[in-house]
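Okay, so here's the structure we're looking at.
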Amino acid sequence: MTPKGEVNTKRRFYGTFVTLICLVLISGCWNRRELNDLAVSVAIGVDKSGKQIMLSNQILNTGAISGKEGGSSSLAPVTLFREKGDGFQEAARRMTTRSTRKIYVGQLQILIFGEKFAKEGVGRALDHISRDHEYRKDFYVVIARGVEAQDILKVLTPLEKTPATKMNASLEVSSKAWGATADVKIDEFTSNIISKGKEAVLSGITLMGDPQTGNDRGNVEKIFSPARLKYMGIAVFKKDKLLGWLNEEESMGYNYTQGKVKSTAVLLTCPNEESHMSVELLRTKNDTKVIMKNGKPSIKLKIKAEGVVTDVQCPIDLTKPSSILQIEQLTQNKIKASILSVIKTVQTQYKSDIFGFGEEVERSYPKYWEGAKNNWEDIMSTMKVDVQIEMKIKQMFKTSKSFYERMGE
């Protein structure tokens, strides 16, 4: 067996080696431009401004992050540049008149479309981004809901050093732990817009509290920040245009259909009681099948879920198998209700196949799809969707008795 000291020495060696390689690569890349000559963009906002667009770039303040040039306590971690233009490229180039450095987008973390801009179509922005070689394909895309994208980018946020990092982290955490947001990256977004078998969705982000204090450093120096960013709802697209929004229940239902609910809390009403209990879902799995009958397709959607009881505020004996079966049925009903709710909204109000049913039909019945794809909007809006939920309660957390039962013992 290798001694512990030798293992640590090897780890330090490999760590130093990787660091040196990275430094060599950085010095030789960036199109031969020095880092000091670049303004690194970490977030971009696109808004409608009359007949033009308003482009906002959140630029990393390296002096504040590193603690140089007066220290991080005296400088904001980011600065914001804004410029108008008839197109994305024009606005980006005009921005150089305000910046002393060339703006570099290769480290972009998040792209935010304003709601008004998205309703008219985001295609012209995506066309530029897809052609420009400096953009990577791993940054997130969201919609500024009820406010402009530039207002979102003005807000200084707690916990993380830069607002862009905070928005990224919040989106990832909420999608994993709550399940009512959609963490969509630019490559997935553009792919769904181009696809004829699945439409795109994006998460909405809004500004809570006082927007005037959001760009003041005092916003992050208080226990409760006066201005706060919050993800709220999922936006429904048809091609490149924003149609409208799903509420929280519908957003959760949509994610169930996509198998994207990794974990969440399901609040249940206790049997014959006004109190509640909670079931934490630990994993979900979806299975979508196309059933063709009499030349018409229908969808059979099956969701399998596992979870544990985490909160009980009603008198129920969790040691009885019948009680567990009852909780499983209540959970199944709650999940099914949210799925049926979003299916009804999408079929009747938006008529946009965000579920990807068209892709399933194309895979299962390619010949039928060739004749149906140009009329898929009408077919999808009247198609029958059979939803089946299979829920399993695996275990209790720590105790099978409620806190109130234990107090009475």
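List the relative contact order of segment 34-246 as a percent without decimals, with contacts defined as Cα pairs under 8 Å and 6+ residues apart.
Computed value for segment 34-246: 19 percent relative contact order.
For segment 34-246, give the share of DSSP beta bridges that are antiparallel, in percent and rounded to the nearest 5; count only bridges with both residues there.
65 percent
Hey, fewest Cβ within 10 Å first, where do Met383, Met252 land in order?
So the ranking, lowest neighbour count to highest, is Met383, Met252.
Taking the convex hull of the alpha carbon atoms in segment 34-246, what volume per residue do you get, in Å³?
Once divided by residue count, the hull of segment 34-246 is 124 Å³.
Provide the descending list of Cα extents for segment 250-407 along its principal axes, expressed in whole angstroms.
66, 26, 25
Output the peptides 42-54, 367-379 sorted from most to least packed, where packing is the average of other Cβ atoms within 10 Å over each peptide's residues.
Going from most to least packed, we get 42-54, 367-379.
Put +1 on the Cβ of each Lys and Arg and -1 on the Cβ of each Asp and Glu in segment 88-180; which of Thr97, Gln107, Ser170 then has its Cα farthest toward the positive end of the dipole?
Thr97
Could you rank the peptides 341-353, 308-320 by their average count of other C-beta atoms within 10 Å per residue, with the highest value first?
341-353, 308-320
Please list, in order, the residues from segment 107-129 whose amide nitrogen is less than 20 Å from a point placed 7 Å along the Cα→Cβ vector of Ala169.
107-112
Can you sort Tyr254, Tyr365 so the residue with the fewest Cβ neighbours within 10 Å comes first?
Ascending number of Cβ neighbours within 10 Å: Tyr365, Tyr254.
Restricting to DSSP loop positions (anything but H, G, I, E, B) with no more than 15 other Cβ atoms inside 10 Å of their own Cβ, which GluC sites (Glu not before Pro) remain in segment 229-302?
Here the sparse-neighbourhood loop sites are Glu273, Glu274.
Sort 154-166, 121-133 by the packing proxy (mean of other Cβ within 10 Å over each peptide's residues), most packed first.
Highest-to-lowest ranking by the protection proxy: 154-166, 121-133.
If you restrict to DSSP beta bridges whose two residues both lie in segment 250-407, what percentage is antiparallel, to the nearest 5?
That works out to approximately 65 percent antiparallel.
Laboratory data are not the source of any read-out in this text; all were calculated from the coordinates shown. Here the structure is a predicted model, which is why all the values come from computation and not from measurement. Cβ sites come from the backbone with ideal geometry, for glycine too, and all protein chains shown count toward neighbours.
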